[in-house]
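Only the coordinates and a few stated rules stand behind these numbers; no lab work does. Just so it is clear, the model here is predicted, and its values are computed rather than measured. For neighbour counting, all protein chains shown are included, and Cβ atoms are generated from backbone atoms with ideal geometry for every residue, glycine included.
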């Protein structure tokens, strides 16, 4: 009799504990300053945390609190997310998802291994990375490399639904972190190097049915352009079916313009912002008519190859385009426009404007009115940009240096930035406290030879041989603070290698970034002084994040595991005496293997426990 | 008498031996033609680098072979593809073209 009562009482206790664990909806989760509920911290993609326990005065005492191997040895881009007391993160292919209860972080609460076709490995241009899982309403959303979107129960790790978003046999992969807003989860598609036709898709969170999908090339109806709804700011992008007519013949059908990096969202305007990749093929000769074979001349707008290398602003509910702007018309250098769009308010000529800031691959830092698509400023953010001398703010068009235009059969040397850009997908952060951006950059230039390319589904459609090397000054990259109003560097930490990891900044006054050779660094946001660093087991291409633990201590976490495009010299099994291998990366990164090796690990840091007590 | 016959026999054997090499060389592909295909229209360089150093795909210039580095294995790989991302080129390239590419690939690790 007594035993039965004991069992019942215990069951009741456990049951009530279960109910107490109910997962919050996304809005509630995002309002919690202690968490990190979406990949980019917030819809504006600021990667700014209001947590301030860690300061320039005490960060020197930061120590490793706990760590967990991922068991995977390819590049780990992306970042963990934290909702309440739960942390979730994923790995490089095979994209295992780990759930950790932060009350007992030395064990894994659950682990989910998706079905994931290894054939997709062959269509991932730049290592088999994943930029993160997303959360909403008790579900974790995982994009798998082979093109599925899995909705996983956040408490149990059980699969709730899965949809096939992309077809890897056609050169399409999936690496971007999803964006969840309201009742929709939005995903992209990768494959700009495979002649895919890029698109963006919204699914209903509840059951995975498709809400909308639009393409980034082709006729207006398929792109989501409607007269009266679509209002681009610049004349050269006003017109009918520009996603067809700015291409020769049917080239738009294999025109790239994929969606492989970051999304932002403005709740007031109800607009989703993202950038599109390079056009298909890299070799631009195929994207302009034969009479212009030698040079695009002054025809960049006519043969702009829309809507590649553009920022797109789509209505969340319908997917239709409100406006767009193209950063690099008729791209000849692989200047994907997929880097993050950070949403802030800035003063311009005495007026407060709602803008987006975008550090493009092409070396220019754009400030754009995010309601209208007007470019307010576009200075360069790195040394030696030479494919164009400036962006003409009247027309929105770059003023090109035609001698840096790439051509079939010719090797054009010393083009800056390289195809990797002065920044690639590694995200910058913004602090509303300082008004500055904290930007991880590449200092890379290239030689680019146009070669033959034939479209074969599932085979790279590139048409270029590239050799990348360090740019002016000889260093590989830097981490800098950038003033968007003055358009200038406030401070800069030069690094040996391109800084391929994303930045975090905090109200405590400390910013974090990781280096390709494995140093995780904390810097004073005012001066850039490096106040603390930790040598991780493998190079860092993940994005730092921070959260408040259940013990009221601030933690900082980052994934270590070298790879990505720049780290392929270590993560891939390459022969380093071919400088053009890995789409040009080998030449610039051939010595990376002296400094780091493959790995896969989550590192989590905090101040010592007694430090918290004495601070209070 | 015996000596002369064995001489003839030896000469014939030698001739057949040499001829078998020549025959193999003709049946094996033309590495130079293979290089043109590898770095051009078949797009191999896109995954494997202009000199086979690798990238999206593994290096073909080293001694490590996931699916075998002998001529028959590489031919099979090229014709039918392999798990882990190597596409099938059976339809994209003729038998002669495939043989040429295989010859070029073998030459990359012979250096």
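Odds and ends about this structure:
- Cβ neighbours within 10 Å from other chains - mean over A:456-466: 5
- Taking region A:320-428 and dividing mean pair separation by its residue count, relative contact order in percent (alpha carbons under 8 Å, at least six apart): 26 percent
- Averaged over the residues of A:563-570, the number of partner chain Cβ atoms lying within 10 Å of the residue Cβ comes to 1.
- Burial ranking of peptide ranges B:100-107, A:462-469 (average Cβ count within 10 Å, highest at the top): A:462-469, B:100-107
- Two-decimal Rg/Rh across chain A, once Rg and the Kirkwood Rh are taken from alpha-carbon atoms: 0.97
- Length gained when the stretch residue A:317-residue A:159 is fully extended (0.36 nm per residue, less Cα-Cα span): 54.3 nm
- A Förster radius of 60 Å, combined with the Cβ-Cβ distance separating residue A:609 from residue A:392, puts the computed FRET efficiency at roughly 0.55.
- Based on DSSP H segments of at least four residues, each scored -39500 (n - 2.57), chain A has a per-residue ellipticity at 222 nm of -2000 deg cm²/dmol.
- In terms of the mean number of neighbouring beta-carbon atoms within 10 Å, the peptides A:328-340, A:374-386, A:89-101 order highest first as A:328-340, A:89-101, A:374-386.
- Summary of packing: across the peptides A:595-605, A:27-37, A:180-190, A:507-517, the per-residue average of other C-beta atoms within 10 Å ranks them, highest first, as A:507-517, A:180-190, A:595-605, A:27-37.
- Part-to-part distance (alpha-carbon centres) for region A:190-256 and region B:32-111, which is given in Å: 35 Å
- Shielding value for A:189-196 is 1, the average number of Cβ atoms from other chains within 10 Å of each residue's Cβ.
- Its relative contact order, with pairs defined as Cα atoms under 8 Å and 6+ residues apart, puts region A:496-616 at 21 percent.
- Degrees separating the helix A:2-20 axis from the principal Cα axis of chain A, which is the longest one: 30 degrees
- Treating r as the C-beta distance of residue A:226 and residue A:115 and R0 as 35 Å, the FRET efficiency rounds to 0.35.
- Taking chain A and dividing mean pair separation by its residue count, relative contact order in percent (alpha carbons under 8 Å, at least six apart): 15 percent
- Projected label points at residue A:410 and residue A:69, each 7 Å from Cα along the beta carbon direction, are separated by 5.3 nanometres.
- Euclidean distance between Cα centres, region A:424-485 to region A:342-376, Å: 20 Å
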